[in-house]
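Below is one structure, written out as structure tokens, with a few remarks after it.
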Amino acid sequence: MRATDLTLGILVLLGGIAIYVSAMGFEVIPGQSYGAGTMPRAIAFATIGVGLFIAGKALMAGDRSLGFELRDWVRSGRALFRAGTALVLIVVYIVAAPFVGFTPAALFVLLAGMLVLGTRPLPAIAISIVATIAIQQSFGRLLLVPLPRSDLFSFLW
Amino acid sequence: MGIYLEAAGLVFQPYVLAVIFCSAAFGMFVGAIPGLAATMATALLVPVTFFMDPVPAIAAIVTATAMAIFAGDIPGTLLRMPGTPASAAYVQDSYEMTKAGHPEAALGASLVFSALGGIFGTLVLITASPVLAEVALKFSSFEYFWLVVLGLSCAVFVSPGSPARGLVSLLIGLFAATIGIDNPAGAPRYTFGNVELYAGIQFIPAMIGLFAVSEVIRAFLARNETPKVANTRNASIFRQQFKNLVTYPVQAIRGSVLGTAIGALPGAGADIAAWISYAVSKKFSKTPKKFGTGHVEGLVEAGASNNGAMSGAWIPALVFGIPGDSITAIVIGVLYVKGINPGPTVFINDPQLIYAVFIVFLLANIIMLPLGWLAIKGAGTILSIPSRILMPIILMFCIVGSFAINNSPTGIIIMLVFGIIGFLMEENDIPIAPAILGLVLGPMLEQNFVTSMIKSQGSFLAFFERPIAAGLGIFTLVIWSIPLVLLLVNRGKSASVTPS
């Protein structure tokens with residue numbers, strides 16, 4: 001999904017205006033003209049400048065098309081489903097891990113990911129179990145990262 | 001001479017050598033895991049060093065750090081997951097080399113020239129540290145401002161594609177760096193009341209998201225189009241490095257010198273050094289168009305610069321007690337715990353200790369070659385795994401690595417958001433690397449800009465009043481004006497050939 005040059009320029013320009021407006025309410029250092037808003041405002045000016053440059057260059061080149069060029073994957077339902085699954089699996093981990101613990105959450109993410117990508121079920125199950133234990137042992141035990149624990153798999157810790 | 005023998009006596013003991021070997025293996029392990037970097041290796045070692053004498057304690061940290069910085073290149077090269085922002089400078093080239101079936105050449109160059117840069121930096125550390133540290137101490141906020149702007153400019157102009165899109169990427173990174181409470185007024189910005197965001201956007205989860213998660217999304221989208229890459233186990237890692245050394249001697253020396261000099265500047269460190277060296281390499285290259293497409297030249301120069309800067313960062317740390325980066329900041333803390341006060345007096349009170357540290361530096365960079373070889377051989381196994389199995393495992397590493405930074409799910413959320421941003425950026429031909437540097441250097445840029453503006457009472461002329469600041473400023477402005485001049489020249493040429 002690629003924006004045309006004119007669209008990109010306009011989006012960048014709008015982004016710059018949004019940053020400038022949002023920075024108007026930031027506090028200054030007492031007794032000074034500078035503060036929390038100085039840097040965002042400088043970024044806003046630069047962003048507006050770049051947006052105008054990209055849009056202006058597109059217009060001067062005769063490119064007046066607005067919108068997005070659709071890539072092949074946008075039209076493929078399966079591809080969209082697989083990419084969506086990758087993002088959903090991260091969200092599932094964030095939501096589930098604090099309640100069910102690292103081990104079952106990681107096992108689910110790995111297994112679902114492999115199955116969606118076309119790994120056969122039995123190898124997917126075996127590899128997911130081994131990978132989960134390897135990651136849990138290296139991060140959780142060796143590097144002492146406090147991964148969320150679960151009572152069911154407490155023997156692993 | 002006697003002091004060197006005494007220092008050697010402190011290092012060449014079975015216990016110290018065993019500590020060096022174990023910490024080297026540890027540093028290699030931590031650095032090679034995506035999401036974990038040299039700073040984390042150092043931080044994890046600190047509690048262990050409490051039980052050691054000063055020399056083995058410092059030896060453990062020095063060795064683990066040197067190994068972890070190199071090992072950060074392994075996931076970067078094989079999986080496009082740079083371990084450090086410095087590795088991100090040349091990850092495009094090293095990953096393209098992997099896709100072309102030459103991961104061993106990329107990792108070999110990274111290993112050998114990292115070691116050479118590290119050894120050069122150590123020799124400078126030994127011979128010229130007091131002089132360099134004095135120069136660095138003369139830098140004020142004006143010089144640091146221009147140095148940061150120079151580093152950011154390099155990131156824009158070395159990135160593939162148009163500089164305008166590189167600038168968009170940089171501005172995304174700089175904007176992300178404004179999030180949080182770490183600003184001159186100490187006021188929360190763009191936190192939306194979320195306390196976790198007060199600390200700002202941590203760059204490791206952001207980096208994992210931009211580089212790795214975007215790659216995972218692409219692999220999920222087109223599961224049959226993931227390129228098949230060669231395995232490093234059957235290839236010679238060192239074979240091509242002699243040829244590289246003969247072909248690019250100037251690049252190796254220039255990278256080492258520049259890296260060491262920049263590393264010696266307090267607060268600058270390996271990140272800026274690698275980026276500036278990569279830009280310098282591209283600028284003076286006979287084949288600049290090959291950069292970003294799997295060309296080893298920039299890797300040679302930036303790799304040498306990377307580890308040269310690591311040694312250079314110890315110059316202000318040891319001589320004046322001013323940390324050059326986050327790692328030396330931790331080390332200074334360890335030295336204080338051991339009853340040693342870093343600074344000029346340490347050369348008078350404990351000279352044998354300082355020279356022992358120098359010897360450890362040399363040993364660490366030499367031992368890096370065989371251990372790095374082993375690590376590359378082991379890591380190469382990753383490439384033989386089909387992507388339908390590898391990608392979910394990488395996704396899980398990304399999740400755990402992002403969590404491990406602050407032991408909080410916020411890191412995973414940041415990773416997810418930046419993963420989507422990175423994917424959309426690459427879909428629109430906006431390079432990712434400048435955003436990373438903007439995120440890392442944004443706070444430093446803001447601090448030095450606002451401090452300078454307050455000092456100069458709003459006068460921009462003050463940014464050019466000091467000689468070094470003026471030199472850096474003019475150099476930066478020249479870099480920015482070159483594309484505009486070229487644009488005008490090309491327009492003039494095309495207008496003159498257009499038939500009326």
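Laid out as a table, the results:
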read-out: Formal net charge of residues neighbouring B:VAL280 (Cβ-Cβ distance under 10 Å; K, R +1; D, E -1); value: +2
read-out: Neighbour net charge for A:VAL28 - beta-carbon separation under 15 angstrom, K R +1, D E -1; value: 0
read-out: Amide hydrogen neighbours beyond the local backbone of A:GLU69, cut-off 5 Å, H modeled; value: A:ARG2, A:ALA3, A:THR4
read-out: Estimated FRET transfer efficiency (B:PHE12, B:ILE348; beta-carbon r; R0 35 Å; 0.05); value: 0.90
read-out: The range A:76-156 - percent relative contact order, Cα under 8 Å, separation 6 or more; value: 34 percent
read-out: Shielding score for A:28-41, defined as the mean number of other chain Cβ atoms within 10 Å; value: 6
read-out: Residue-averaged [θ]222 nm for the protein assembly as shown, counting only DSSP H segments that reach four residues, each worth -39500 (n - 2.57); value: -23000 deg cm²/dmol
read-out: Karplus-derived HN-Hα couplings along the range B:288-303 (A = 6.51, B = -1.76, C = 1.60, θ = phi - 60°), whole Hz, x at Gly and Pro; value: x, 5, 7, 5, x, 10, x, 9, 7, 4, x, 5, 4, 6, 5, x
read-out: Chain B - percent relative contact order, Cα under 8 Å, separation 6 or more; value: 27 percent
read-out: Helix A:77-100 axis, angle to chain A major axis (alpha carbon atoms, nearest 10°); value: 70 degrees
read-out: Of all accessible heavy-atom area on the range A:2-69, the percent that carbon and sulfur account for (1.4 Å); value: 68 percent
read-out: Pairs of Cα atoms farther than 21 Å apart, the range A:2-69, %; value: 36 percent
read-out: Hits among lysines - C-alpha to C-alpha of A:LYS57 under 19 Å, sequence gap 8 or more where chains match; value: B:LYS493
read-out: Subset of B:LYS138/B:LYS286; B:LYS282/B:LYS377; B:LYS99/B:LYS283; B:LYS138/B:LYS289; B:LYS338/B:LYS377 violating a 27 Å alpha-carbon distance limit; value: B:LYS138/B:LYS286; B:LYS282/B:LYS377; B:LYS138/B:LYS289; B:LYS338/B:LYS377
read-out: Inter-chain Cβ neighbour average for residues B:400-409, partner chain, 10 Å; value: 4
read-out: Rg/Rh for chain B, where both radii come from Cα atoms and Rh is the Kirkwood radius; value: 0.97
read-out: Cβ-Cβ FRET estimate between A:LEU66 and A:ILE17, R0 fixed at 25 Å, reported to 0.05; value: 0.90
read-out: Accessible area expressed per residue, the protein assembly as shown, with surrounding protein chains retained (probe 1.4 Å, Å²); value: 41 Å²
read-out: Reference-scaled alpha-carbon Rg (2.2 N^0.38 Å with N residues) for the protein assembly as shown; value: 0.96
read-out: B versus A: buried accessible surface, summed, Å² (probe 1.4 Å, to nearest 100); value: 5400 Å²
read-out: Gyration tensor verdict on the range A:1-150 (Cα atoms; rounded if a/c is under 1.5, prolate if a/b is larger than b/c, oblate otherwise); value: oblate
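The values are calculated or read from the model by the stated rules, or taken from the named source; none is laboratory data. Owing to the predicted nature of the structure, the values given are computational and were not obtained by experimental measurement. Counting neighbours? That spans all protein chains shown, and the Cβs are built from the backbone with ideal geometry, glycine included. Protein only, heavy atoms only, side chains kept; ligands, DNA and RNA dropped before computing areas. Shrake-Rupley method; radii C 1.70, N 1.55, O 1.52, S 1.80 Å.
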